[in-house]
Amino acid sequence: MTIDPRLIEEMRRLLTGRVLTMVPLRDLTSFRIGGPALAVVEPCNVEDMVNILSFLAREGLPSIVLGAGTNVLCSDEGYRGVVVKTGSLRRVAVAVNGVGLVRIEAGAGLGLTSLVNLAFRHGSHGMEPLWGIPGTVGGSVAVNAGAGGIGACDFVEELRLVNVDGTMFFLKRNDLEFGYRRASLPPGGVVVEALFRFPQGDVSESREALRYWMRMRKEKQPWRMPSAGCIFKNPTTGDSAGAIIDRLGFKGISQGGAQVSPVHANFIVNKGGATAEDVLALIRKIKRRVNEEYHIQLELEIQLIGMGFERVDHC
Ligand code: EPU
């Protein structure tokens, strides 16, 4: 499983950013799980992104886009394609106007928590629950990552995207529909920059709210353990996935190096040496049991890379 060296040379010629080969996905993901990707490319600016996406489309090379890799489970066999990593797209511009608004333009690779910190430093209020979500701006907008009843898309004014064929386009807030862990981005469209609008508010209230959310995350979630955040989406009605899984006694259950977190039952953590197979086995056990007990089909929140959803569906 390799990639034609001429294609690698061509990608190096097209990009100012790095092009690497046979990179273990465990090094690119918060779960620390996954075999090698044939190549990883790191566009440094929008032009790089346009160049690489049009090249990949022309050559018919399979590709995926990865931000901080915090919401994914990668196959142990790896990914037979090119990973486009957005982490180097970190351009930031802040504008504060006189009517109590902070506008922040952020590259897709900026960490969401860095964005929240920046917004706070400029006096904005309301985005505090997003503090501590480990993903990037691009990934967070693409899945409308959220906490405490708000999502990253709530603050979006405009998105700049690059299409699979390499064309660039903009989406205004009104062009977007978003809901719980969902945003209506066109298939294949990659977010490269986002313009956020945050209202300004009382600084001491914001500080208190930030402290509260920091404490919540550190106390209620397995903060320091490698994981992919919550594994399942919450059911649309009734109890949260974490509460249901907890009630069924799964906390602390292990499979190989993977364990249902003893802190929060909707997290699976990598205790060391966990494989994707270990995690999938736990996911299947949980889904089957929840279905038997409550007739609820839990839906994955994480994305699977290098494998299909048939691995966990119909449990
Ligand atoms: N609960 C349990 N046992 C557990 C976990 C939770 O009984 O093991 C109970 C809690 O006591 C609480 C209820 O379930 O009464 C809800 O728990 P929590 O406040 O932790 O919220 P959640 O619905 O489990 C959601 C998001 C998190 C986000 C938190 C905080 C989803 C799937 N999860 O969790 O997001 O950080 O709210 O707002 O929507 C993520 O998306 O990766 C993620 C972790």
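The values are calculated or read from the model by the stated rules, or taken from the named source; none is laboratory data. Just so it is clear, the model here is predicted, and its values are computed rather than measured. As a convention, Cβ positions derive from the backbone with ideal geometry for all residues, glycine included, and neighbour counts pool all protein chains shown. Areas reflect the complete protein model, heavy atoms only, side chains present, ligands, DNA and RNA absent. Shrake-Rupley method; radii C 1.70, N 1.55, O 1.52, S 1.80 Å.
Observations, loosely collected:
- When residues in region 196-235 are screened for being open to solvent by less than 50 Å² (accessible area, probe 1.4 Å), away from the ligand (no atom under 15 Å from the Cβ) and in contact with a Phe, Trp or Tyr (Cβ under 9 Å, 6 or more places away or on another chain), 3 of them pass.
- Filtered by the rule that a residue be within 17 Å of the chain's Cα centre (by Cα) and closer than 24 Å to LEU89 by Cα, region 187-225 gives PRO187, GLY188, GLY189, VAL190, VAL191, VAL192, GLU193, ALA194.
- When restricted to residues that are part of a helix (DSSP H, G or I) and either open to solvent by 10 Å² or more (accessible area, probe 1.4 Å) or charged (D, E, K, R) (or both), region 9-52 contains 12.
Matching residues to (1) surrounded by fewer than 16 Cβ atoms within 10 Å (Cβ to Cβ); (2) assigned to a loop (DSSP other than H, G, I, E, B); (3) touching a Pro at 6+ places or on another chain (Cβ under 7 Å):
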site: HIS264; (1), (2), (3): no, yes, yes
site: LEU282; (1), (2), (3): no, no, no
site: ASN291; (1), (2), (3): yes, no, no
site: MET307; (1), (2), (3): no, yes, no
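- Flag if VAL192 is open to solvent by 60 Å² or more (accessible area, probe 1.4 Å), over 25 Å from TYR294 (Cα atoms) and in contact (Cβ under 8 Å) with a residue 60 or more places away in the chain: no
- Selection within region 125-172 - away from the ligand (no atom under 11 Å from the Cβ) and assigned to a loop (DSSP other than H, G, I, E, B): HIS125, GLY126, MET127, ASN163, VAL164, ASP165, GLY166, THR167
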